[in-house]
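The values are calculated or read from the model by the stated rules, or taken from the named source; none is laboratory data. The structure displayed is predicted, hence computed values, not measured ones. No Cβ is skipped: glycine too gets one built from the backbone with ideal geometry, and neighbour counts run over all protein chains shown. SASA here: full protein model, heavy atoms, side chains in, ligands and nucleic acids out. Shrake-Rupley method; radii C 1.70, N 1.55, O 1.52, S 1.80 Å.
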Amino acid sequence: QVDVIESGGGLVQPGGSLRLSCVASGFISGTMSMNWYRQVPGKERKLVASISSARDLTTYANSVRGRFTISRDNAKNTVYLQMNSLKPEDAATYYCHVPILHLWGLGTRVTVSS
């Protein structure tokens, strides 16, 4: 059975940092493109960052470019989202997504507040 489980969310002050993790099971995440999305209540889920299966090419939403970094550790079958200089508008539930498997995690909540 394939699955992804997110973790690392929590409460952080503006300007702070968090690192989200997406642990994959039942498949080798290093062979697949992986995405991070985020969603706030009442709004659509939006793509934040992607890492490709080939050469680990990364792409980012304009709103997070320069502050967020997506990466992977194939030995741990895990994809990360390092989030720096967090802003209140970054608060959301963050989801790991595997497009080729049509697979979503349950999400991890990020709150940015003083």
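Select from segment 85-103 the residues that are open to solvent by 60 Å² or more (accessible area, probe 1.4 Å) and more than 18 Å from Val23 (Cβ to Cβ) and list them in ascending order. If the condition is that a residue be open to solvent by 60 Å² or more (accessible area, probe 1.4 Å) and more than 18 Å from Val23 (Cβ to Cβ), then Ser85, Lys87, Pro88, Glu89, His102 are the ones that fit. What is the one condition in (1) buried (at least 16 other Cβ atoms within 10 Å of the Cβ); (2) of a type in the set (D, E, K, R); (3) not in a strand (DSSP E or B) that Glu6 does not satisfy? Condition (3) is where Glu6 drops out.
Selection of segment 34-57 for residues being of a type outside the set (Lys, Arg) and within 12 Å of the chain's Cα centre (by Cα) yields Met34, Asn35, Trp36, Tyr37, Gln39, Leu47, Val48, Ala49, Ser50, Ile51.
Among the residues making up segment 54-68, those that are part of a strand (DSSP E or B) and either at pLDDT below 95 or crowded, with 17+ Cβ neighbours inside 10 Å (or both) are Tyr60, Phe68.
One residue alone among Leu106, Leu18 is touching a residue at least 60 places away in the same chain (Cβ under 8 Å), in contact with a strand residue (DSSP E or B) (Cβ under 8 Å, 6 or more places away or on another chain) and loosely packed, with under 13 Cβ neighbours inside 10 Å, and that residue is Leu106.
Filtering Lys76, Lys46 for residues that are basic (Lys, Arg), at pLDDT 95 or above, more than 19 Å from Asp3 (Cα to Cα) and surrounded by fewer than 16 Cβ atoms within 10 Å (Cβ to Cβ) leaves a single hit, Lys46.
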